[in-house]
Amino acid sequence: VCTVLCINRQQDTFMEMNNTMVPLPSDLLSKKETVCIFGTGDFGRSLGYKMMQCGYSIVFGSRNPQASGLIPEGATVLSHAEAAQMSNVIIVAIHRAHYNFLESLTEALQGKVLVDVSNNLKANQYPESNAEYLAQLMPSSKVVKAFNTVSAWALQSGGLDASRQVFVCGDDNKSKEKVMEIVRSLGLSPVDKGSLLAAKEIEDYPLQLFPMWKYPILLSLGLSTFFLLYSIIRDVVYNYVTKNKDYSFFIAISIPNRICPIVALILLALVYLPGIFAAILQLYRGTKYSRFPNWLDQWMLCRKQLGLVALAYAFLHVLYTLVIPIRYYVRWRISGYVLDQAHNNRTDPLNIENAWISDSYVALGILGFFLFVLLGITSLPSVSNSVNWREFRFVQSYLGYLTLVLCTAHTLVYGGKRFLNAYSYPWFLPAAYILSLIIPCIVLVMKFFLILPCIDRPLTEIRQGWERKSKYRHQANNGQTTKETSAV
């Protein structure tokens, strides 16, 4: 009897263990806490819909619950006071101008997390950030800034690839971690920016319009304008004044096809020029632990953008070049040349030297453009993240300088013998491509000296941490030695 009872008990225990190992239904596993959203505007509805997809129960707080007919299906709409009782996390998706009504809910919101998602219409619109203002209004609540860098359209469409980072800041670490957990559950990447003092910077972030592209674009537009005016004076105005010929149609294709490679070459050279300045400063100072001037820092930070703008100009140059054979002016000149040969019953022999120059010019351009495109592809985050630092440096530095060499040689071969011809300098103005060679040649000559062993060796040692003793350190060491001698 005892044996039978033991066997039955073991079977019951085994069955209980099996029952405890049965997986829970998926809806129970995905069920998360209730989150309250104040505001039924576009962003509030979009955020609520996204959170419901991720398993959250959403309660909307509205000043007019009966009129809120656009909310996601499955969500609840209550008055602000009633909705505040349903959750410990309240997302405030309303404009700063309407924050005042929250003061009447002080008791209901006491100790709860208020997530401020607001933005302003312009930078520095208010003396303090919206989140800090909310914290002043609701001192008994815990204010966290988040979600202001994500758009309602991205939440609705799911196109969050370009804006997965969500900046989060707040003075209470537990509240901030709770909000960051919500961010992660939505498939986004929270970035902790520290205390609520960072809220002003976070709120200014969506107002920035291509901050790293500002100077490269302005520089490229400035260079384009200068060379456009320069080419018009040299090729259009000169011919009209001295020869009474109207070449104004050059402005459509001929002059732009001249400007694009010029600007591309100059911008490519400007990508590598700040690195040379940095190396010279490090050699002069004898250390890598001294800050660069602010202008050099900003210049080095926007090198990627400079290179991509240069690549865009190179693409335009290729497109303009491809349409040359179908231009009316070119076909007119070719047909006139052929008729002139037929009329005079002559055929010009093949000039091997000119053939070599022409083919070399085209070949250098093709190779330079290929490496230029390779540099642009490597700068993409999806590609740069898949290579190690040595591989990235090899492409961006060594192949980058090779690209600059090929593009500079492409321009030099294009000039050929025309550098020495007097007709190439109307009104004593050199051709625009001659001006474009100044900065690239300076960069390549300076880089040549920097790679010499007598210069490259100490520069490498400095970048590995070696420091030359400065005058200040020498005096400090002398003072320490004097003290030690006196002590002895």
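The values are calculated or read from the model by the stated rules, or taken from the named source; none is laboratory data. No experiment lies behind these values; they were computed from the predicted model shown. FYI the Cβ positions are ideal-geometry reconstructions off the backbone, even for glycines, and counts take in every protein chain you see. Just the protein is used for accessible areas: all its heavy atoms, side chains included, with ligands, DNA and RNA removed. Shrake-Rupley method; radii C 1.70, N 1.55, O 1.52, S 1.80 Å.
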Restricting to region 414-432, give me the number of residues that are under 19 Å from Cys260 (Cα atoms), part of a helix (DSSP H, G or I) and open to solvent by less than 50 Å² (accessible area, probe 1.4 Å). 2
Has region 369-381 got any residue that is open to solvent by 30 Å² or more (accessible area, probe 1.4 Å), modelled with pLDDT under 85, among the small types (Gly, Ala, Ser) and not in a helix (DSSP H, G or I)? no
Exactly one of (1) in a helix (DSSP H, G or I); (2) farther than 24 Å from Leu380 by Cα; (3) not β-branched (Val, Ile, Thr) is unmet by Pro206. Its number? (2)
Which condition from (1) exposed (fewer than 14 other Cβ atoms within 10 Å of the Cβ); (2) part of a helix (DSSP H, G or I); (3) modelled with pLDDT under 85 is the one that Lys469 breaks? (2)
What's the total number of residues in region 163-200 that are open to solvent by 50 Å² or more (accessible area, probe 1.4 Å) and β-branched (Val, Ile, Thr)? 0
Filter result (open to solvent by 50 Å² or more (accessible area, probe 1.4 Å), farther than 24 Å from Ser157 by Cα, in contact (Cβ under 8 Å) with a residue 12 or more places away in the chain and out of contact with any Gly (no Cβ under 9 Å at 6 or more places or on another chain)) within region 45-84: Arg63
Scanning for something closer than 24 Å to Ser57 by Cβ, free of Cβ contacts under 8 Å to residues at least 60 places away in the same chain, part of a strand (DSSP E or B) and among the β-branched types (Val, Ile, Thr), does region 143-150 turn up at least one residue? yes
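Conditions tested, residue by residue: (1) part of a helix (DSSP H, G or I); (2) of a type outside the set (S, T, N, Q); (3) open to solvent by 30 Å² or more (accessible area, probe 1.4 Å).
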| position | (1), (2), (3) |
| --- | --- |
| Leu412 | yes, yes, yes |
| Ile434 | yes, yes, yes |
| Ile439 | yes, yes, yes |
| Val443 | yes, yes, no |
| Lys447 | yes, yes, yes |
| Cys454 | yes, yes, yes |
| Arg457 | yes, yes, yes |
| Gly465 | no, yes, no |
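If you go through region 386-433, how many residues are at positive phi and small (Gly, Ala, Ser)?
Total satisfying the criteria: 1.
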Take the residues in region 305-358 that are open to solvent by 100 Å² or more (accessible area, probe 1.4 Å) and among the charged types (D, E, K, R); name whichever of them is farthest from Pro211 (Cα to Cα). Arg333
I'm trying to understand the selection: among the residues of region 78-117, which are over 18 Å from Ala131 (Cβ atoms) and aliphatic (A, V, I, L, M)? Leu78, Ala81, Ala83, Ala84, Met86, Ala108
Take region 119-140 and flag every residue that is touching a residue at least 40 places away in the same chain (Cβ under 8 Å) and open to solvent by less than 50 Å² (accessible area, probe 1.4 Å). Asn120, Glu128, Ser129, Asn130, Ala131, Glu132, Leu134, Ala135
Quick check on my filter: what residues within region 344-368 are in a helix (DSSP H, G or I) and polar (S, T, N, Q)? Asn344, Asn354, Ser358, Ser360
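So for region 262-285 (the condition being over 22 Å from Ser397 (Cα atoms), open to solvent by less than 30 Å² (accessible area, probe 1.4 Å) and of a type in the set (A, V, I, L, M, F, W, C)), does at least one residue qualify?
Looking for residues that are over 22 Å from Ser397 (Cα atoms), open to solvent by less than 30 Å² (accessible area, probe 1.4 Å) and of a type in the set (A, V, I, L, M, F, W, C), one finds none in region 262-285, hence no.
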With the structure loaded, tell me whether Gln341 is in contact (Cβ under 8 Å) with a residue 12 or more places away in the chain, polar (S, T, N, Q), part of a helix (DSSP H, G or I) and over 26 Å from Asn257 (Cβ atoms) or whether it fails that test. no
Residue in region 396-409 that is open to solvent by less than 100 Å² (accessible area, probe 1.4 Å), under 46 Å from the mean Cα position of the chain (by Cα) and either farther than 21 Å from Pro440 by Cβ or at pLDDT below 90 (or both) present: yes
List every residue pair whose Cβ atoms lie under 7 Å apart, where the two residues are 6 or more positions apart in sequence or sit on different chains, the first residue falls within region 207-231 and is touching a residue at least 12 places away in the same chain (Cβ under 8 Å) and under 22 Å from Tyr272 (Cβ atoms), and the second residue, located anywhere, is loosely packed, with under 14 Cβ neighbours inside 10 Å and aromatic (Phe, Trp, Tyr). none
Helices (runs of 4 or more DSSP H) (entirely within region 233-319) containing at least 1 residues that are within 19 Å of Leu374 (Cα to Cα): 254-285
Could you tell me how many of the residues in region 63-106 are part of a loop (DSSP other than H, G, I, E, B) and modelled with pLDDT of 90 or more? 9
